[in-house]
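Okay, so here's the structure we're looking at.
The values are calculated or read from the model by the stated rules, or taken from the named source; none is laboratory data. Computed from a prediction, not measured in an experiment: that's the story for all the values here. Counting neighbours? That spans all protein chains shown, and the Cβs are built from the backbone with ideal geometry, glycine included.
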């Protein structure tokens, strides 16, 4: 039960960076490994149509997130999508664990993805202003790499999710303090 919950939270959190990476990793794990078996209705994610849709959405998200200015508009739109994707990823990965209340999983998925998304949309404008948008594609690539790494770890080494969550909390606090300090200097 604990590993299922860790996997769920571990897939929900990176959805706050990119909604489609954890869902695609989960779907591919269902198709290619015995580690994940998605039950109905979540098995639609690993269907041919589900995979095609996830790949299309991921392609659009990855491209748009690399363009300064447009990435901020995308972040506003995705601020509704990312927490929902986190909740879906958490539900899909824990659906076989009978002892976990789905309402708790939804809440944890929403909070995990929403928290990560909040840090992203709060700090990304500072990157744009501080670097005239030059580093936005680099930061976006790093975010995508982190989302892939955490998603894979959540499926295959769920206990490491705890370490990633601690790193996220500490780095978020430090990052938000720095952004706040930079804003006060600029005002």
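Of note:
Conditions tested, residue by residue: (1) buried (at least 17 other Cβ atoms within 10 Å of the Cβ); (2) under 29 Å from residue 35 (Cα atoms).
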position	(1), (2)
73	no, no
87	yes, yes
90	yes, yes
137	no, no
151	yes, yes
159	no, yes
163	no, yes
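- Residue within the stretch 45-62 that is more than 24 Å from residue 163 (Cβ to Cβ) and in contact (Cβ under 8 Å) with a residue 60 or more places away in the chain present: yes
- Of all positions in the stretch 100-108, at least one carries a residue that is under 16 Å from residue 161 (Cβ atoms) and either assigned to a helix (DSSP H, G or I) or under 15 Å from the mean Cα position of the chain (by Cα) (or both).
- Residue among 75, 71 that is within 27 Å of residue 132 (Cα to Cα), in a helix (DSSP H, G or I), within 15 Å of the chain's Cα centre (by Cα) and modelled with pLDDT under 95: 75
- Residue ID - surrounded by the most Cβ atoms within 10 Å (Cβ to Cβ), chosen from residues in the stretch 2-32 that are touching a helix residue (DSSP H, G or I) at 6+ places or on another chain (Cβ under 8 Å) and free of Cβ contacts under 8 Å to residues at least 24 places away in the same chain: 30
- Test: residue in the stretch 112-124 that is free of Cβ contacts under 8 Å to residues at least 24 places away in the same chain and surrounded by fewer than 18 Cβ atoms within 10 Å (Cβ to Cβ): no
- Checking residue 83 against (1) closer than 17 Å to residue 10 by Cα; (2) at pLDDT 95 or above; (3) surrounded by fewer than 18 Cβ atoms within 10 Å (Cβ to Cβ), the condition it does not meet: (3)
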